[in-house]
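Single-structure report; data block below.
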Amino acid sequence: MNKVALITGATRGIGKEIALTLAKEGYHIAFNYRKENEELEQVKKEIEENQAKYLSVKADVSDFSECEEFVKQTIDQFGKIDVLVNNAGITKDSLLIRMKEEDFKEVINVNLVGTFNMTKNVIGYMLKARTGRIINISSVVGISGNAGQTNYSASKAGILGFTKSLAKEVASRNILVNAIAPGLIETSMTEVLKEEVKEEIEKTIPLKRIGTPKDVANVVKFLAGDESSYITGQVLHVDGGMLM
Ligand code: NAP
């Protein structure tokens, strides 16, 4: 029987690559979108090309009831959720002195509260099934901090505390909860950075290259699969050695 993975923020970037990687592994994929557009159609097409079944549901992760509906529809369609990947995330960067209250709250609401909203709605099904994997996408800046990202790094540090606490709560039911802390990854989130800035960052990375969505998706595949069955409450850095 095919495993079922629910992935947030899979319309592009890292989330899309996670969806395609797990589809190739034989998972059925449930993912959310916020707008119907060409990007969404492209993801659906590429999942189908991998012979996987998918469900796409309009849902904003910062809205609890939309997450509840997304999870319900996934259960109705596939009957179970084996893997939850909390990947959806945004940035609203500025120095704290100039940061608007709404920009702080929006980033926390999408990145951290969104992770709670999805996990809270999924966990009951996993507890009942006595199995499950939850993989939360954090960031190196949740560990190191970064000037201009008090909101984002607070949300990503919060995800790490959430991950470890939940891992302790649900380990006895064979539910494994881990986080991934990517470094700089080439996606639309980072394409706003100037080339010079990227080159400067690249010089500080021991592996001397910016990461790709596939670098992250491969680690999600590992954490979702049988080979990682003795790993929980951990933070895997996927950053080319940026942070040691
Ligand atoms: P991205 O290309 O900007 O994609 C973000 C995805 O999240 C999109 O599918 C977006 O959907 C979705 N999303 C945003 N807000 C949402 C909301 N309120 N509800 C539901 N979905 C929402 O970003 P990415 O670089 O792939 O990042 C993916 C994750 O990795 C994020 O959590 C990010 O913080 C983390 N990360 C990225 C990097 C990096 O260097 N790129 C580094 C460390 C960590 P829409 O199309 O509807 O906007």
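Read the figures in this text as sums done on the coordinates, not as results from a lab. Treat the numbers as computed from the prediction; the structure is a model and nothing was measured. Here the Cβ positions follow ideal geometry from the backbone for every residue, glycine too, while neighbour counts run over all protein chains shown.
Here are the numbers:
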item: Residue count, the stretch 183-194 (criterion: more than 14 Å from VAL219 (Cβ to Cβ) and either within 8 Å of the ligand (Cβ to nearest atom) or touching a residue at least 40 places away in the same chain (Cβ under 8 Å) (or both)); result: 6
item: The stretch 223-244, residues that are in a helix (DSSP H, G or I) and either small (Gly, Ala, Ser) or over 12 Å from ILE18 (Cβ atoms) (or both); result: ALA224, ASP226, GLU227, SER228
item: Checklist (1) buried (at least 23 other Cβ atoms within 10 Å of the Cβ); (2) under 27 Å from MET242 (Cβ atoms); (3) polar (S, T, N, Q) applied to ASN117, failing item; result: (2)
item: Residue ranges of strands (runs of 3 or more DSSP E) in the stretch 1-108 with at least 3 members without any contact (Cβ under 8 Å) to a residue 40 or more places away in the chain and within 15 Å of the ligand (Cβ to nearest atom); result: 28-33, 54-58
item: Residue check, ILE180 touching a His at 6+ places or on another chain (Cβ under 9 Å), of a type outside the set (Asp, Glu), closer than 27 Å to THR11 by Cα and within 12 Å of the ligand (Cβ to nearest atom); result: yes
item: Number of positions in the stretch 120-139 that are of a type in the set (A, V, I, L, M), buried (at least 18 other Cβ atoms within 10 Å of the Cβ) and part of a helix (DSSP H, G or I); result: 3
item: Residues of the stretch 150-177 that turn out to be of a type in the set (S, T, N, Q) and closer than 19 Å to ILE14 by Cα, as a count; result: 2
item: Residue within the stretch 178-191 that is aliphatic (A, V, I, L, M), more than 18 Å from ASP93 (Cα to Cα) and in contact with a Gly (Cβ under 8 Å, 6 or more places away or on another chain) present; result: yes
item: Sole exception among (1) more than 27 Å from THR74 (Cα to Cα); (2) in contact with a strand residue (DSSP E or B) (Cβ under 9 Å, 6 or more places away or on another chain); (3) part of a helix (DSSP H, G or I); (4) in contact (Cβ under 8 Å) with a residue 40 or more places away in the chain for GLY142, by number; result: (4)
